[in-house]
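The values are calculated or read from the model by the stated rules, or taken from the named source; none is laboratory data. If you're wondering where the values come from, they're calculated on a predicted model, not measured in any experiment. Using ideal geometry, Cβ is built from the backbone for each residue, glycine included, and neighbour counts are taken over all protein chains shown.
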Amino acid sequence: MFTMDRIQGVSFLITVHFMGEEAPVFHVESVALESRDCLQNSIDIGDKTYVISISDDPKSSISIKILDKLTQTWVVPTVLGAHPTPTKSHAAILVNSEKILIIEKGVALNDFIWFLEVDTPFVKQQCKIKGTEVVAWSKGVISEGHMPIVISGPSGVGKGTLIAKLMKEFPSKFGFSVSHTTRSPREKEIDGIHYHFTERSKMEQEISEGKFLEFAHVHGNLYGTSIEAVESVSDQGKRCILDIDVQGARSVRASSLEAIFIFVCPPSFEELEKRLRARGTETEEQIQKRLKNARAELDQSNSLGLFDHLLINGGLEACYENLKKLLSLDDGHEDSNDSLIKDGKAIACYSILSKTNSEILLQSETNEVEKGTANLLSLDLSSLSGGVLTRTFDQ
Ligand SMILES: Nc1ncnc2c1ncn2[C@@H]1O[C@H](COP(=O)(O)OP(=O)(O)OP(=O)(O)O)[C@@H](O)[C@H]1O
Ligand SMILES: Nc1nc2c(ncn2[C@@H]2O[C@H](COP(=O)(O)O)[C@@H](O)[C@H]2O)c(=O)[nH]1
């Protein structure tokens with residue numbers, strides 16, 4: 001049976017402080033830290049205590065037990081998601097009432113930050129579906145530069161064309177989230193590459209099993225993004241691109257996947273119709289349906305807090321350049337943490353130094369300075385709750 005993997009997409013910004021540069025800022029308002037690097041950590045949230053222990057079972061690296069303090073009963077929850085790499089020592093700290101941050105020691109540098117989701121919307125939904133206590137692992141992704149990108153816009157506006165250009169120019173940086181759909185393949189579409197073409201009943205079954213991050217009825221068919229589709233892109237160390245409709249974008253916004261949301265607009269409705277017809281992939285009836293839906297999607301593009309960027313696809317080259325600009329790909333910009341992330345072989349040895357409402361500060365315990373890696377890492381907690389991104393309107 002398919003086991004559900006959680007998305008490695010709960011991302012947060014990390015500021016890297018190098019020794020010998022700015023003196024580190026210590027926060028007077030830091031909470032007293034109860035976290036220790038050890039085999040077992042326990043975290044209190046409301047009436048529950050979450051006990052996080054190194055497991056004897058080699059299949060699950062860390063085991064979770066929950067103590068209900070009112071009834072003094074223990075529950076072993078259903079644990080969803082790809083588990084952290086087995087390790088000998090970890091530290092845990094409460095981020096907020098929804099998530100516990102786990103810092104693993106002695107694992108690859110790109111694999112040491114994990115969240116145990118205990119009461120996120122995703123976990124609440126899964127509790128309802130399964131009728132049991134549920135917790136879910138999600139992996140911390142370092143920096144906004146690795147956040148998945150959600151691209152929406154009316155049918156025929158050029159989303160697929162823009163994505164294809166991006167993937168062609170940056171094949172090792174981006175990976176496409178292959179959606180499932182119940183629509184029939186077009187002439188040149190390949191199963192598993194453009195879509196996973198599937199039967200409605202099979203897809204509905206998998207949706208009910210919680211295997212989908214989002215799904216929507218679009219132009220008379222069912223479309224959806226499986227958790228595995230996003231997970232398999234991040235497993236390749238690539239930034240995931242999702243081409244989904246506005247309903248799907250809304251669902252992703254409400255999920256625990258931190259992403260950048262871009263809406264692509266046509267220069268005019270007439271031009272949209274022209275492109276849709278010129279593509280020649282739909283019947284007249286389907287074109288009419290897609291144009292009708294396009295009006296509704298365009299109306300929703302301004303929904304408060306939904307899209308971070310609106311891109312107008314007038315001239316293709318100009319629009320593509322704007323897309324690259326807003327993804328900081330135009331100026332040789334290299335993410336400040338890339339040196340840290342690329343070195344998957346380096347071993348993490350960070351402990352939790354301080355926590356405020358807005359950040360958690362980690363300190364390296366080894367002398368990483370000579371190796372050129374970070375001595376202090378600041379985890380920006382504001383981006384854990386949706387990340388306020390600047391709203392740009394590109395022409
Ligand atoms: N800027 C542009 N100027 C003119 N034609 C364009 C432009 N961008 C894309 N096109 C053309 O418009 C048609 C629709 O583009 P595309 O298939 O990429 O749209 P889409 O938004 O992915 O549609 P759908 O949501 O239906 O998959 C294609 O034939 C493409 O070559
Ligand atoms: N909500 C979702 N929408 C999706 C997904 N995959 C594609 N789409 C959107 O569907 C329309 C039509 O696509 P087409 O390939 O039939 O032309 C388009 O707007 C896509 O963005 C998905 O997984 N979820």
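Okay, residues lined up against (1) among the hydroxyl-bearing types (Ser, Thr, Tyr); (2) within 11 Å of ligand 2 (Cβ to nearest atom); (3) on the phi < 0 side of the Ramachandran plot:
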{"residue": "Asn221", "(1), (2), (3)": "no, yes, yes"}
{"residue": "Lys238", "(1), (2), (3)": "no, no, yes"}
{"residue": "Asp243", "(1), (2), (3)": "no, yes, yes"}
{"residue": "Ser251", "(1), (2), (3)": "yes, yes, yes"}
{"residue": "Phe269", "(1), (2), (3)": "no, no, yes"}
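For region 291-320, enumerate the residues that are among the charged types (D, E, K, R) and closer than 20 Å to Glu271 by Cα. Before the answer, list the steps.
Residues of region 291-320 that are among the charged types (D, E, K, R), as a first pass: 292, 295, 297, 299, 308, 317.
Residues satisfying the conditions are Lys292, Arg295, Glu297, Asp299, Glu317.
Pairs are defined by a Cβ separation below 7 Å, a sequence spacing of at least 6 or placement on different chains, a first member in region 169-192 that is under 22 Å from Gly248 (Cα atoms) and free of Cβ contacts under 8 Å to residues at least 24 places away in the same chain, and a second member that is within 15 Å of ligand 1 (Cβ to nearest atom) and part of a strand (DSSP E or B); the pairs so defined are Pro185/Phe197; Glu189/Tyr195; Asp191/Phe197.
Restricting to region 222-281, what's the tally of residues that are basic (Lys, Arg) and near ligand 1 (Cβ under 10 Å from one of its atoms)?
Going residue by residue through region 222-281, those that are basic (Lys, Arg) are 238-239, 250, 253, 274-275, 277, 279.
Okay, now just the ones that are also near ligand 1 (Cβ under 10 Å from one of its atoms), so 274-275, 277, 279.
The total comes to 4.
Do any helices (runs of 4 or more DSSP H) lying entirely in region 243-355 carry at least 3 residues that are within 30 Å of Ala136 (Cα to Cα) and at pLDDT below 90, and which ones are they?
Values: elements: 246-254, 269-279, 284-300, 316-326, 338-342.
Counting at least 3 such residues, we get 338-342.
Every condition in (1) within 12 Å of ligand 1 (Cβ to nearest atom); (2) without any contact (Cβ under 8 Å) to a residue 60 or more places away in the chain; (3) in contact with a helix residue (DSSP H, G or I) (Cβ under 7 Å, 6 or more places away or on another chain) holds for Ile151 except the one numbered (2). Just one of the listed residues (Ser226, Ser155, Ser172) is of a type outside the set (A, V, I, L, M, F, W, C), under 24 Å from His309 (Cβ atoms) and within 13 Å of ligand 2 (Cβ to nearest atom), namely Ser155. Filtered by the rule that a residue be away from ligand 2 (no atom under 16 Å from the Cβ) and more than 19 Å from Ile244 (Cβ to Cβ), region 288-318 gives Leu304, Ile312, Gly314, Gly315, Leu316, Glu317, Ala318. Here's a check for you: in region 296-324, which residue that is among the charged types (D, E, K, R) and either surrounded by 17 or more Cβ atoms within 10 Å (Cβ to Cβ) or in contact (Cβ under 8 Å) with a residue 60 or more places away in the chain (or both) is nearest to Leu166 (Cα to Cα)? In this case the residue turns out to be Lys324.
Of the residues that make up region 273-280, is at least one touching a residue at least 60 places away in the same chain (Cβ under 8 Å) and either in contact with a strand residue (DSSP E or B) (Cβ under 9 Å, 6 or more places away or on another chain) or more than 14 Å from ligand 2 (Cβ to nearest atom) (or both)? If you could, list the steps in order and put the result at the bottom.
Just the residues of region 273-280 that are touching a residue at least 60 places away in the same chain (Cβ under 8 Å), to begin with: 273, 275-276, 279.
Keeping just the survivors that are either in contact with a strand residue (DSSP E or B) (Cβ under 9 Å, 6 or more places away or on another chain) or more than 14 Å from ligand 2 (Cβ to nearest atom) (or both) gives 273.
Yes, region 273-280 has at least one match.
Note on region 129-148: among residues that are among the hydrophobic types (A, V, I, L, M, F, W, C), at pLDDT below 90 and within 19 Å of the chain's Cα centre (by Cα), the one that is nearest to ligand 1 (Cβ to nearest atom) is Met147. None of Gly210, Gly224, Gly237, Gly220 is over 22 Å from Trp137 (Cα atoms) and not acidic (Asp, Glu) except Gly220. Scanning region 188-215 for residues that are surrounded by fewer than 18 Cβ atoms within 10 Å (Cβ to Cβ), near ligand 2 (Cβ under 10 Å from one of its atoms) and in a strand (DSSP E or B) gives a single hit, His196. Looking at Ser234, is it among the polar types (S, T, N, Q), more than 13 Å from ligand 2 (Cβ to nearest atom), surrounded by 18 or more Cβ atoms within 10 Å (Cβ to Cβ) and at pLDDT below 95? Yes, satisfied. Of the residues making up region 161-173, those that are more than 10 Å from ligand 1 (Cβ to nearest atom) and crowded, with 20+ Cβ neighbours inside 10 Å number 1. Scanning region 85-119 for residues that are modelled with pLDDT of 85 or more, crowded, with 22+ Cβ neighbours inside 10 Å and outside any strand (DSSP E or B) turns up just one, Val118.
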